[in-house]
Amino acid sequence: MSLTHLINAVVTSALPHVWLIPLAIILGTFILEDATTMLVGILAADGQIHITLALLSLYLGIILGDFWLYGMGYMAGSHRWARWFISHSRYETTRAWLEERFEGAVFTSRFVPGMRLPTYTAAGFLQLPFKRFVPPVVVGTLIWTSLFFAGAYLFGNVTSSWLGVWRWPLVIIVVLGWLAFNRWRLGRRAEKDAKAT
């Protein structure tokens with residue numbers, strides 16, 4: 001059985017339980033957001049998932065994941081032991097700097113790989129207003145996810161006739177390549193930061 005047939009079998013078996021599909025997509029975004037978006041876009045191109053259901057599930061999962069990052073930072077920042085690691089003056093300076101650029105920093109971090117985790121958790125840790133956090137997260141997610149989904153959907157449409165069953169191994173290679181590139185890039189950034197200190 002090919003990978004395509006296996007995926008089709010899993011999706012088809014979930015169809016009687018329609019609620020499982022959005023739940024699986026939402027949980028998938030918590031694990032690997034980009035890979036889930038790519039997979040769901042291709043499945044939508046194949047007609048396995050309705051586009052509206054796919055996009056709404058992706059939006060919801062990604063936004064909830066972003067809120068979770070903020071919440072984890074907020075919970076850590078509300079404990080005195082966590083603040084012990086940061087001097088009061090540095091805390092206040094960082095808070096003032098981020099508060100002044102808050103919406104722009106949150107929105108931009110959606111499009112810069114590796115920046116969401118530190119930005120969103122810092123926003124929560126510094127206890128910046130959640131009501132200011134929500135709009136840039138939602139707008140950034142709608143734009144980024146729509147573009148990424150559209151690219152995956154187009155890829156799915158074009159490659160279904162060209163590559164057939166070989167499309168799925170290519171998708172796996174692309175996803176693994178993307179993950180490896182991000183890991184390498186974050187490692188380089190960590191090395192530069194270590195040398196700078």
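The values are calculated or read from the model by the stated rules, or taken from the named source; none is laboratory data. What you see is a predicted model; the values in this text were computed from it and never measured. So basically every Cβ, Gly included, is an ideal-geometry build from the backbone, and we count neighbours across all protein chains shown.
The table for this structure:
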quantity: Filter pass, F67 being aromatic (F, W, Y), more than 18 Å from F30 (Cβ to Cβ) and out of contact with any strand residue (DSSP E or B) (no Cβ under 7 Å at 6 or more places or on another chain); calculated: no
quantity: Selection within region 91-102 - modelled with pLDDT of 85 or more, in a helix (DSSP H, G or I) and either farther than 10 Å from L128 by Cβ or in contact with a Lys or Arg (Cβ under 6 Å, 6 or more places away or on another chain) (or both); calculated: A96, W97, E100, F102
quantity: When residues of region 153-187 are limited to those that are surrounded by 12 or more Cβ atoms within 10 Å (Cβ to Cβ) and of a type in the set (G, A, S), the one farthest from the chain's Cα centre (by Cα); calculated: S160
quantity: Filter result (more than 18 Å from the chain's Cα centre (by Cα) and surrounded by 14 or more Cβ atoms within 10 Å (Cβ to Cβ)) within region 42-56; calculated: L43, A44, A45, D46, Q48, I49, I51
quantity: Any helices (runs of 4 or more DSSP H) falling wholly within region 114-197 and containing at least 2 residues that are modelled with pLDDT under 75; calculated: 130-162, 167-196
quantity: Among the residues listed as I62, I26, the single one being surrounded by 18 or more Cβ atoms within 10 Å (Cβ to Cβ), modelled with pLDDT of 90 or more, closer than 28 Å to A122 by Cα and touching an Asp or Glu at 6+ places or on another chain (Cβ under 8 Å); calculated: I62
